[in-house]
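Enquirer: I have a structure here, written as structure tokens, and I will follow up with some questions on it.
The values are calculated or read from the model by the stated rules, or taken from the named source; none is laboratory data. All values reported here derive from a predicted model rather than from experimental measurement. Methodologically, a virtual Cβ is constructed for each residue, glycine included, from the backbone with ideal geometry; neighbour enumeration extends over all protein chains shown.
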Amino acid sequence: MPRIERTSTVVWEGNVARGQGRLSGRSGAFTDLPYSLPSRIGDPGGKTSPEELLAAAHGGCLTMSVASELTQAGTPPTRLDTTCLIVMDEVEGEGHQIVGSHITIAVDADAADDVVAAAIERGDASCPFSTLLRKAGVAVTIARA
């Protein structure tokens, strides 16, 4: 696989408590996604947060990895439904940190349970986001729905 590089831009206006920002991807897939402190720590109110974007990134990466593993096993999935919950909490002496990424994946594939379980395990091992998070000390869990 070739080296992959992606770019996003962020604009923030105001102080952290009352300000707000906008996130855009150079690809054009998302433009001016609004975010703010209230959307990060409370009711999102239609805005996103860095944690929600991390949940999408980790869930998306793992799902693609599992699809690849199932396909290589000769049992390509019909559908994969994945939910990723990112947990940020106060860590004593370190402030707020990402402490967990908990994924639940439902697999619709014509494959035996052991084949699906192995594909999920291999998919997790080959997912760069799972690797990154674990190396950072984040608890990563994956459950089958």
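Enquirer: For the structure I just gave you, tell me whether Arg134 is basic (Lys, Arg), part of a helix (DSSP H, G or I) and in contact with a strand residue (DSSP E or B) (Cβ under 8 Å, 6 or more places away or on another chain).
Expert: Answer is yes for this residue.
Enquirer: Somewhere in region 2-23, is a residue surrounded by 15 or more Cβ atoms within 10 Å (Cβ to Cβ) and either in the same structural domain as Phe129 (by TED's automatic domain parsing) or under 17 Å from the mean Cα position of the chain (by Cα) (or both)?
Expert: Yes, because at least one residue in region 2-23 is surrounded by 15 or more Cβ atoms within 10 Å (Cβ to Cβ) and either in the same structural domain as Phe129 (by TED's automatic domain parsing) or under 17 Å from the mean Cα position of the chain (by Cα) (or both).
Enquirer: Let me confirm something: among Ala67, Ala73, Ala29, which residue is of a type in the set (A, V, I, L, M), under 17 Å from Gly123 (Cβ atoms) and surrounded by fewer than 17 Cβ atoms within 10 Å (Cβ to Cβ)?
Expert: After ruling out the rest, the residue left standing is Ala73.
Enquirer: So Ala57 ticks every box in (1) free of Cβ contacts under 8 Å to residues at least 40 places away in the same chain; (2) out of contact with any strand residue (DSSP E or B) (no Cβ under 7 Å at 6 or more places or on another chain) but one. Which box is left unticked?
Expert: Tallying (1) free of Cβ contacts under 8 Å to residues at least 40 places away in the same chain; (2) out of contact with any strand residue (DSSP E or B) (no Cβ under 7 Å at 6 or more places or on another chain), Ala57 fails exactly one: (1).
Enquirer: Let me ask something else. Which of the residues spanning region 92-124 are over 21 Å from the mean Cα position of the chain (by Cα), part of a strand (DSSP E or B) and among the hydrophobic types (A, V, I, L, M, F, W, C)?
Expert: Hit for region 92-124 is Ala109, nothing else.
Enquirer: Give the residues of region 32-44 that are in a loop (DSSP other than H, G, I, E, B), surrounded by 12 or more Cβ atoms within 10 Å (Cβ to Cβ) and over 19 Å from the mean Cα position of the chain (by Cα), sorted by residue number.
Expert: Listed by number, the list holds a single entry, Ser36.
Enquirer: Could you say whether any residue in region 46-66 is more than 27 Å from Lys135 (Cα to Cα) and in a strand (DSSP E or B)?
Expert: no
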